[in-house]
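As structure tokens, the structure follows; a few thoughts come after it.
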């Protein structure tokens, strides 16, 4: 029986700048003390969270770390976790990086991303048919140019990769990036046909499905969430379709049952940064799926893991064991 989770795709270094607000075009804003460097991207964030949730869980990282100081930094950070196998991390080219502008007033963040060598990452680098894991998590769609490219048979190269993994008996999971532009319709639906677990936020789900989930004023359109989840299932998601947002997590399980779990009622001053909170939620979902938990429990674990992540500026430093993050739910309660 297969065990463990492989996280493949974007590996990068986040350089986080605390700023005192977001400037209008042509205006200046101050960068505050506290500039930080941490690993980032779907692979580094999710796999570190999983390693913290369960140090005994078999994990494998797959992607590209450049032949540079940033690549050395990524491997050193992943090397802190004995359960993470980094043998599928390639060393070539320049490491991808993201400039993260962390608005200390609103706690929102904006990203400026350089793809580096990850721009050429493809199925031939991963060889999914050779993986020995239960779940393959791929991220981020819309930020892997080679895999986002068209494929005559499957729609995209990412869809082909996911099909290959499923044919080898591996459950597949995807996450997408909150990118601007009109690529969602071309890139995401082909991949969903070969996806078992899809975890996206409400703005990404809105772009994928075409169903509005927030008003222009920012109000969550809760009444539209079920339709968006059903649409994700119609597009091909076989097992769990999940939408997360600051207010709650929502999902449709393998039997078509609608589940939802409110996010935690966090105290004043708890949130130090929001970088990686979505990845932390995703890690909670993946861990629950691997352990055979029902989706309702998975959503609560995802909310608790995200809440733990929010307690530190970096993506994963606030995350503890599954028992520790669930204890936050007992401590704070839900909204």
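A short reminder: the numbers here are calculations on the coordinates, not readings from a lab. Computed from a predicted structure; not experimentally measured. Cβ atoms come from the backbone with ideal geometry, glycine included; neighbour counts cover every protein chain shown.
Results, tabulated for the structure shown:
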{"read-out": "Spread of Cα-to-Cα distances over 5 Å intervals beginning at zero, given as percent, for segment 97-225", "value": "2, 10, 18, 20, 19, 14, 10, 5, 2, 0"}
{"read-out": "Distance histogram for segment 1-107 (every C-alpha pair counted, 10 angstrom bins, percent rounded to whole numbers)", "value": "15, 39, 26, 16, 4, 0"}
{"read-out": "Theoretical ellipticity at 222 nm over the chain - DSSP helices of four or more residues, -39500 (n - 2.57) apiece, nearest 500", "value": "-9500 deg cm²/dmol"}
{"read-out": "Mean projected area (nm²) of the alpha-carbon convex hull when segment 196-265 is viewed from all directions", "value": "4.4 nm²"}
{"read-out": "Sorted by Cβ neighbour density within 10 Å, fewest at the top, the residues 314, 173, 178, 38", "value": "178, 314, 38, 173"}
{"read-out": "Relative contact order of the chain, pairs being alpha-carbon contacts under 8 Å that are 6 or more residues apart, as %", "value": "15 percent"}
{"read-out": "Inter-centroid distance (Cα atoms) of segment 191-269 relative to segment 1-73, Å", "value": "24 Å"}
{"read-out": "Neighbour-count ranking [beta-carbon atoms within 10 angstrom, fewest first] of 11, 118", "value": "118, 11"}
{"read-out": "Label assignment, percent of Cα pairs over 32 Å apart derived from the structure, set [x] 22; [y] 38; [z] 26", "value": "[x]"}
{"read-out": "Ascending count of other beta-carbon atoms within 10 Å, so fewest first, for 112, 281", "value": "112, 281"}
{"read-out": "Where the Cα pairs of segment 76-167 fall when distances are cut into 5 Å bins, in %", "value": "2, 10, 17, 19, 19, 15, 9, 5, 2, 0"}
{"read-out": "Rh by Kirkwood over Cα pairs, then Stokes-Einstein D for segment 202-335 at 1.567 mPa s and 4 °C, µm²/s", "value": "86 µm²/s"}
{"read-out": "Residue 214 paired with residue 106, simple spin-label distance in nm, labels 7 Å along Cα-to-beta-carbon", "value": "0.9 nm"}
